[in-house]
Amino acid sequence: MLVTLIHNPTAGDQDEDGKSLKKLLRKAGHEVRYRSAKEDGWKKALKKPADLVVVAGGDGTVGRVARRMAGLSIPMAVLPLGTANNIARSLGQHERPLEELVAAWEGAPRAKLDVGTAKGPWGTRNFIEALGFGVFAGHLAAFEDVDESKAKSADEKVDQALLRMKRAAESAEAVHVSATLDGKDLSGNYLLMEAMNLHYVGPNMRLALEGMPGDGEFEVVLVTEEERTRFVQYLEAWRENRERLAVLPSHRGKHLKIEWTGFPLHIDDKLYPKKNPEPNEIAGVVEAKINGTSVDFLLPQ
């Protein structure tokens with residue numbers, strides 16, 4: 001196959017470099033067009049003909065590529081090299097040898113992954129993982145300028161992020177919000193609200209219980225004051241069982257509408273309000289929709 005390989009050379013704590021990845025794919029019989037996600041040109045590379053687009057990196061890189069591949073017929077595949085790898089985990093492609101994944105691309109079935117659309121005062125943005133506010137968005141805001149890339153393994157980074165989340169969940173104040181899901185009123189005071197497109201969000205928090213990638217709906221997970229203790233216990237127990245489920249109230253739907261008053265809100269790894277926003281970008285109505293747009297991923301068995 002003709003493969004466009006988009007690689008984040010700084011992802012995770014693995015030693016894979018561009019040269020070794022190209023060698024791996026060519027050894028499997030593929031023709032490779034390589035682009036680093038840290039250099040100009042990777043976006044243009046996605047517009048060129050290819051049989052497969054492969055992303056070697058973490059959720060940030062996979063998400064950036066997937067948002068640009070939305071609605072196109074060219075399938076994607078993931079070589080998970082990141083810290084959390086939530087997208088690969090939700091697709092069952094994590095913690096497998098790269099050689100095994102590459103060898104199984106030929107003839108692998110496809111799975112559709114929904115691409116959500118978020119519209120707000122800043123404009124419109126596609127997203128892959130989740131949109132939400134509360135403890136996790138507050139965590140992103142608190143550590144937006146912290147460089148955690150040095151001297152820590154991927155597992156250590158995830159573990160420390162979960163510890164900070166636990167501490168925040170113990171003391172965070174609930175955010176009052178007016179919201180509807182497919183017209184149903186969800187207004188209330190929340191420590192966390194996440195419209196999830198995958199099973200996982202943030203540092204491997206497995207919050208979604210029922211949804212499957214590509215099923216055409218969000219799973220909107222809610223944490224009120226009543227669920228604070230349960231949520232904190234989940235974050236503590238995660239260290240012993242990474243696949244542990246956080247059994248929290250949730251609703252399924254296609255259209256979430258939030259009256260946003262400027263509290264920290266995330267769309268995938270993008271935080272709002274952004275730094276130095278325009279006055280009209282600080283608050284307003286935020287809508288998240290699933291409208292049938294998707295990306296095809298290969299699922300090596």
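The values are calculated or read from the model by the stated rules, or taken from the named source; none is laboratory data. Bear in mind the structure is a predicted one, so any value in this text is a computation, not a measurement. Cβ sites come from the backbone with ideal geometry, for glycine too, and all protein chains shown count toward neighbours.
For the reader, a short list of remarks on this structure follows.
- Here E226 does not fit the description of being more than 18 Å from V135 (Cα to Cα), more than 21 Å from the chain's Cα centre (by Cα) and either without any contact (Cβ under 8 Å) to a residue 60 or more places away in the chain or buried (at least 19 other Cβ atoms within 10 Å of the Cβ) (or both).
- Remark: pairs (first residue in region 159-177, under 30 Å from V285 (Cβ atoms) and in the same structural domain as I258 (by TED's automatic domain parsing); second residue assigned to a helix (DSSP H, G or I) and of a type in the set (V, I, T); Cβ separation under 6 Å; 6+ apart in sequence or on different chains) = A168/V135; A169/V135; A169/V232; A172/V135.
- Filtered by the rule that a residue be touching a residue at least 24 places away in the same chain (Cβ under 8 Å) and assigned to a loop (DSSP other than H, G, I, E, B), region 234-260 gives W238, R239, R242, E243, R244, L245, A246, V247, L248, P249, K254.
- Residue within region 277-286 that is in the same structural domain as R125 (by TED's automatic domain parsing) and under 15 Å from F127 (Cβ atoms) present: yes
- Qualifying residue in region 49-58 (condition: surrounded by fewer than 20 Cβ atoms within 10 Å (Cβ to Cβ) and more than 21 Å from I128 (Cβ to Cβ)): yes
- Residue count for region 20-54 satisfying the condition of being in contact with a Gly (Cβ under 7 Å, 6 or more places away or on another chain) and closer than 19 Å to E99 by Cβ: 1.
- Taken over region 1-54, the criterion of being polar (S, T, N, Q) and touching a helix residue (DSSP H, G or I) at 6+ places or on another chain (Cβ under 6 Å) is satisfied by T4, N8.
- Only one entry of L25, L2 meets the criterion of being of a type in the set (A, V, I, L, M, F, W, C) and closer than 19 Å to D296 by Cα, and that entry is L2.
- Scanning region 60-86 for residues that are within 11 Å of the chain's Cα centre (by Cα), at pLDDT 95 or above and buried (at least 24 other Cβ atoms within 10 Å of the Cβ) yields V62, A66.
- The one condition in (1) touching a residue at least 40 places away in the same chain (Cβ under 8 Å); (2) more than 19 Å from H266 (Cα to Cα); (3) assigned to a loop (DSSP other than H, G, I, E, B) that T83 fails to fulfil: (2)
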